[in-house]
Each structure stands twice: as structure tokens, then as C-alpha cells.
1. From the helices alone, meaning DSSP H stretches of at least four residues, give me the mean residue ellipticity at 222 nm for the chain, per-run term -39500 (n - 2.57), in deg cm²/dmol to the nearest 500.
2. I want to check the label-to-label distance for Ala34 and Asn47. Put each point 7 Å from Cα in the C-beta direction and report it in nm to one decimal.
3. Kindly provide the GluC sites (Glu not before Pro) of segment 107-186 that DSSP labels as loop, not H, G, I, E or B, and whose Cβ sees at most 14 other Cβ atoms within 10 Å.
4. Can you pull the three principal axis extents for the Cα set of segment 126-193, in Å, largest first?
5. Rounded to whole Å and sorted largest first, what semi-axes of the equivalent ellipsoid does the C-alpha gyration tensor of segment 50-155 yield via the square root of 5 times each eigenvalue?
6. What is the spread of the Cα atoms of the chain along each of their three principal axes, largest first, in whole Å?
7. Is there a pair in Lys74/Lys161; Lys138/Lys192; Lys49/Lys161; Lys38/Lys138; Lys68/Lys161 whose C-alpha atoms are over 19 Å apart, and which pairs would that be?
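Where a number appears in this text, it was derived from the coordinates with a stated rule and is not lab data. All values derive from a computational prediction rather than experimental measurement. When we count neighbours, we look across all protein chains shown, and the Cβ atoms used for this are built from the backbone with ideal geometry, even at glycine.
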Amino acid sequence: MRRMTRRTGPLAMFFKGFLKHPVMVGSIIPSSDATIAKMLGPVDWANTKIFVEYGPGVGTFCRPVLKKLPNDAKLIAIDTNPDFIAYLSEEIPDPRFVPVLGSAADVRRIIAEHGAEHADYVLSGLPFSTLPAGIGPKIAEETAAAIRPGGAFLVYQFSPKVHDFLAPNFERIDHAIEWWNVPPAQLYWAWKD
Ligand SMILES: C[S@@+](CC[C@H](N)C(=O)[O-])C[C@H]1O[C@@H](n2cnc3c(N)ncnc32)[C@H](O)[C@@H]1O
């Protein structure tokens, strides 16, 4: 395992992941610092116990989330790619960090297995518009059911089409564009009122 870290930095690891599963990864460049700061800006960290991330890849968001997360909280990071999960388990030895090999569509079962009824926030970097048919709507529906009232689904995407997945499940959706990203990112905050 340790050999994988010495050989492969996060960018190379991400690129390898893209070459192996281009449709599932959906991007060849990880998110920018500006995207991360803007996306996480509205999070009420003091009242966060369970933060879930879908599609963490090589952990571009995991580290900034862990910097802000209270000591007694958990970051549950769910990815379908076993290479990314093995890489994250090795690279981020933080007791609050829980990398899980699985699908975002099973979020409610996964958080229940970690002793939680609800998530405070769910962050997604999933390529919604290229996921297999039916998966995007299912993930949006399961996520809305998993988030507590007052929490939010934070979504960054290249395509504004993701709004179509969010709209049936969330009443209030804020939107912004982060131009300092390759390509520019559409950001959505879908609130559970
Ligand atoms: C665009 S990459 C995310 C990149 C990273 N979060 C960043 O900020 O740079 C999309 C990720 O979603 C993962 N993925 C695809 N389908 C998934 C699913 N159904 N559940 C969880 N992860 C999934 C892929 O393996 C990949 O790691």
C-alpha cells in the first residue's frame, strides 16, 4: 500500500482514475481552491456532525472539509472506485474520516451503518449527467431523504443540467458559477427547509 503513495501523487492518481473510468470520473482536472472555498462557504460547521461526500476522487475536498469539521464529527466519503478509496484510506489517517467503497445511491444505508440517522450536509462531485440511466434521479431522491431539516446538498458540476435532478426533491436551490475552475463550475446549494 505505502508503495502506491510514493509512486503516485494526487494528480497522477486522479488522471489514472479518469483513464480507467472516464464516464464515472467525468473530469480530467480536480476542483480548484476557489471552487472549494465558494462551495463550502455556507456550511454551518459548528452544527455539523455528519458530513457526507460523494465521489471524493483523490480527496480534493476531503482535506479542506476536515480542516473545518468539529472534532466529534465524521466525514463519510463514498466512491465507487476502489483505487480512490484505497488511496484515500492510506493518505488521510484522520479518525474522523470514513472512506466507503459504495454508491451514493445507498447513502441512507451507509450512514445508518455508521450510526447516523441523518446527514447535516452532503457534498457531490458526481458527474450527474453522464451517470447510467436512472442513477442520477435515485441519488437526488435518496439524498433529500438523508439530509436533516436545515441541512443542504452541495453540488458542483460542469453542466447546469444537474438542476433537473435537484428540482423535484428540494424547494430552495441557490446557484452560482465559479469561473476559476477548469472548466468553470456550476455550484448549487439545495436546502432542506
Ligand atoms: C469528477 S470526479 C470527483 C472529483 C473530486 N471530488 C474533485 O473535486 O476533484 C467524480 C467521482 O465520482 C465517483 N463516482 C461515480 N459514480 C459514483 C456513485 N454512484 N457513487 C459514488 N461515487 C461515484 C468517481 O469514481 C469519481 O471519483
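1. -9500 deg cm²/dmol
2. 3.1
3. Glu117, Glu171
4. Over segment 126-193, Cα extents along the principal axes are 32, 27, 14 Å.
5. 20, 17, 12
6. 47, 35, 30
7. Pairs exceeding the cut-off: Lys74/Lys161; Lys49/Lys161; Lys38/Lys138; Lys68/Lys161.
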